[in-house]
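Chemist: Supplied in structure tokens, the structure appears directly below.
The values are calculated or read from the model by the stated rules, or taken from the named source; none is laboratory data. If you're wondering where the values come from, they're calculated on a predicted model, not measured in any experiment. Note that we place each Cβ from the backbone using ideal geometry, even for glycine, and neighbour counts take in every protein chain shown.
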Ligand SMILES: [Zn+2]
């Protein structure tokens, strides 16, 4: 595997447990089980006889639940992180599966609480929630009830949970195992290199056109080899989702996601339509980029080609310095928090065989600090990835003020801090540069990142809509899915970018489709929201900082709509979303001026 500047940068998970065979894992699971059984014994009757149910009882129950969930989260995160860091190691695979099974068993013992709470009549529930003892849990208790029309009996819910381990979760694991074991063989300088997915995808940024073209062809060639299985997995999971929706009475395939995002579908619809109206902004940019590359028309593999002069290689130590400085310019407390991630080894950055691709930040619970995984490959893009994940990390740290139930944000606002972190680092880098060629590279890179987040994720979401709707008619074949994929992408690329036919496999490695349907629109949401917030920061200066910090500290203690109101944001207005695009236009204008 490649030898790069992040070699040896591994996370230290000893804050969680000592090793995969640490006895404390077993002890914790046993303890959770005992507590869960005691919990059921103590509260089941009380919860199921509402007339005598008191606010105090509900509060005590929630406090005990939080203790159990925190402990389970510690074990679950540990197993998940070990596995992500080395998916090929049998001990880690075993631990992950074992923990998943035992957690499910324990969660099943606790399931009655949420279900019983849902059964409480609206009036009585409202009366209980007015009690000040439940104030810290009000949002959680209220938002749980939004699932009331979609929740089944306790026995049915148990069956769902248990059967999912060998059902949809197993298909998810199969997908992860196939895609993280993928090896791409590429001829380069007379040698055959063996690359993993994230390494070969990063070649699409290379200046050498034929290398980009071969890299792209190799990716889709290899993916097509697994096409039958990948299609089967996706087709099965869509059907599984459709069945679930029918059993749970969801009106359409996006509805569960809107509900978990705590957002109403109308706001998302407006956002996506405004995004589509702005596709011509992308076409203009693609033509500009073709001019920069001296090509008559852009091909798909030219899309991310570097232009201008790149700052590279970009060693990991320098990334750290730049990010900390950029965060400090916003607020010194941001530097201090982010500094801990580096100093205390909460980041796993090196590239290793068997390690999960891409990047993520895990923020298990208010009692634990977050961990970051990435595959640092010495590019500017990797700097932005680290900035992104550290943004999540800061959010995860700041919201530790909240209780367990108010800790997590819905997906829509979950990307706010991460994308904001990227903006800070980008502006800092741009300011530092006086070389015109470097400025061109930075601006083009930023615009393309924003496109990948806004336009591409919009395309991904439209594709999912098409796939779900087609699956309602009949089983999906590789040909059919490929066609839908090309159709959704065609609207975005228009006649400005030529798509090769092999691109029909472009959908097949995207984990969101498998693990969390309709996840992708929250990227659009997050990015456009941040562009608007960032404009406000520039306008308002330091007086914006405390408002922003308060937003992050609030975690998931209210709906996104409510949390954003104090900042002057209305997500139902087309004009609000359009503001984000005006910011993008500002960037393309800046680039145009440099050329
Ligand atoms: Zn993110």
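Chemist: Kindly indicate whether residue 341 is touching a residue at least 40 places away in the same chain (Cβ under 8 Å), within 16 Å of the ligand (Cβ to nearest atom) and touching a helix residue (DSSP H, G or I) at 6+ places or on another chain (Cβ under 7 Å). If you could, list the steps in order and put the result at the bottom.
Modeler: On the way: touching a residue at least 40 places away in the same chain (Cβ under 8 Å): yes; within 16 Å of the ligand (Cβ to nearest atom): yes; touching a helix residue (DSSP H, G or I) at 6+ places or on another chain (Cβ under 7 Å): yes.
In short, yes.
Chemist: Kindly indicate whether any position in segment 535-550 is at negative phi, in a loop (DSSP other than H, G, I, E, B) and over 24 Å from the mean Cα position of the chain (by Cα). I'd like the intermediate steps shown before the answer.
Modeler: Initial filter on segment 535-550 (at negative phi): 535-540, 542-550.
Adding the requirement that they be in a loop (DSSP other than H, G, I, E, B) leaves none.
Looking through segment 535-550, none of the residues is at negative phi, in a loop (DSSP other than H, G, I, E, B) and over 24 Å from the mean Cα position of the chain (by Cα).
Chemist: Something else: For segment 497-515, check the following and say yes or no: at least one residue is at negative phi, touching a residue at least 40 places away in the same chain (Cβ under 8 Å), within 16 Å of the ligand (Cβ to nearest atom) and not in a helix (DSSP H, G or I).
Modeler: Yes, segment 497-515 contains at least one residue that is at negative phi, touching a residue at least 40 places away in the same chain (Cβ under 8 Å), within 16 Å of the ligand (Cβ to nearest atom) and not in a helix (DSSP H, G or I).
Chemist: Just checking, does segment 92-102 include any residue being surrounded by fewer than 16 Cβ atoms within 10 Å (Cβ to Cβ), more than 26 Å from residue 159 (Cβ to Cβ) and without any contact (Cβ under 8 Å) to a residue 60 or more places away in the chain? I'd like the intermediate steps shown before the answer.
Modeler: Of segment 92-102, the ones surrounded by fewer than 16 Cβ atoms within 10 Å (Cβ to Cβ) are 94, 98, 101.
Those still in the list that are more than 26 Å from residue 159 (Cβ to Cβ) too: none.
No: segment 92-102 contains no residue that is surrounded by fewer than 16 Cβ atoms within 10 Å (Cβ to Cβ), more than 26 Å from residue 159 (Cβ to Cβ) and without any contact (Cβ under 8 Å) to a residue 60 or more places away in the chain.
Chemist: Please work out which one of (1) assigned to a helix (DSSP H, G or I); (2) without any contact (Cβ under 8 Å) to a residue 12 or more places away in the chain is the condition residue 474 fails and give its number.
Modeler: Evaluating residue 474 over (1) assigned to a helix (DSSP H, G or I); (2) without any contact (Cβ under 8 Å) to a residue 12 or more places away in the chain leaves (1) as the failure.
Chemist: Now for a different question. Can you tell me which of 137, 83 is under 21 Å from residue 29 (Cα atoms) and buried (at least 19 other Cβ atoms within 10 Å of the Cβ)?
Modeler: From the options 137, 83, the qualifying one is 83.
Chemist: What pairs come out if I take residues in segment 23-34 that are farther than 15 Å from residue 67 by Cα and pair them with residues that are crowded, with 17+ Cβ neighbours inside 10 Å whose C-beta lies under 6 Å away, six or more apart or interchain?
Modeler: 24/17; 25/17; 25/75
Chemist: If a residue has to be part of a helix (DSSP H, G or I) and away from the ligand (no atom under 16 Å from the Cβ) to count, how many in segment 516-532 make the cut?
Modeler: Here is the first cut: in segment 516-532, the ones part of a helix (DSSP H, G or I) are 521-532.
In the following step, the residues that additionally are away from the ligand (no atom under 16 Å from the Cβ) were identified as 532.
Total meeting the criteria: 1.
Chemist: Would you confirm, using the coordinates I've provided, whether residue 459 is modelled with pLDDT of 95 or more, more than 12 Å from the ligand (Cβ to nearest atom) and more than 27 Å from residue 333 (Cα to Cα)?
Modeler: On the way: modelled with pLDDT of 95 or more: yes; more than 12 Å from the ligand (Cβ to nearest atom): yes; more than 27 Å from residue 333 (Cα to Cα): yes.
Criteria met by residue 459.
Chemist: Restricting to helices (runs of 4 or more DSSP H) lying wholly in segment 358-446: which have 1 or more residues that are more than 16 Å from the ligand (Cβ to nearest atom) and without any contact (Cβ under 8 Å) to a residue 60 or more places away in the chain?
Modeler: Numbers: elements: 380-398, 411-414, 416-432.
In segment 358-446, 416-432 are the helices (runs of 4 or more DSSP H) which contain 1 or more residues that are more than 16 Å from the ligand (Cβ to nearest atom) and without any contact (Cβ under 8 Å) to a residue 60 or more places away in the chain.
Results for (1) surrounded by fewer than 22 Cβ atoms within 10 Å (Cβ to Cβ); (2) more than 22 Å from residue 227 (Cβ to Cβ); (3) touching a strand residue (DSSP E or B) at 6+ places or on another chain (Cβ under 8 Å), shown as yes or no for each residue.
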residue	(1), (2), (3)
441	yes, yes, no
447	yes, yes, no
464	no, no, no
478	yes, no, no
491	yes, yes, no
502	yes, no, no
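Chemist: Could you check residue 63 against (1) crowded, with 18+ Cβ neighbours inside 10 Å; (2) without any contact (Cβ under 8 Å) to a residue 40 or more places away in the chain and say which number it fails?
Modeler: (1)
Chemist: Considering segment 520-571 alone, what residues qualify as being loosely packed, with under 15 Cβ neighbours inside 10 Å, closer than 20 Å to residue 259 by Cα and at pLDDT 95 or above?
Modeler: We begin by selecting, within segment 520-571, every residue loosely packed, with under 15 Cβ neighbours inside 10 Å; these are 538-543, 546, 550, 562, 565-566, 568, 570.
Remaining after also requiring closer than 20 Å to residue 259 by Cα: 562, 565, 570.
Listed by number, the list is empty, since nothing qualifies.
Chemist: Let me ask another. Does any residue in segment 566-595 that is under 18 Å from residue 268 (Cα atoms) come within less than 6 Å, Cβ to Cβ, of a residue that is part of a helix (DSSP H, G or I) and modelled with pLDDT under 90 six or more places away or on a different chain, and which pairs are these?
Modeler: Here the result reads 570/576; 579/532; 580/532, each pair linking segment 566-595 to a residue that is part of a helix (DSSP H, G or I) and modelled with pLDDT under 90.
Chemist: Return yes or no: is residue 50 at pLDDT below 95 and either surrounded by fewer than 18 Cβ atoms within 10 Å (Cβ to Cβ) or on the phi > 0 side of the Ramachandran plot (or both)?
Modeler: Details: at pLDDT below 95: yes; either surrounded by fewer than 18 Cβ atoms within 10 Å (Cβ to Cβ) or on the phi > 0 side of the Ramachandran plot (or both): yes.
It is true that residue 50 is at pLDDT below 95 and either surrounded by fewer than 18 Cβ atoms within 10 Å (Cβ to Cβ) or on the phi > 0 side of the Ramachandran plot (or both).
Chemist: So which helices (runs of 4 or more DSSP H) are wholly in segment 1-120 and hold at least 2 residues that are within 24 Å of residue 166 (Cα to Cα) and in contact with a strand residue (DSSP E or B) (Cβ under 8 Å, 6 or more places away or on another chain)?
Modeler: Details: elements: 23-48, 55-85, 90-119.
Correct list: 55-85.
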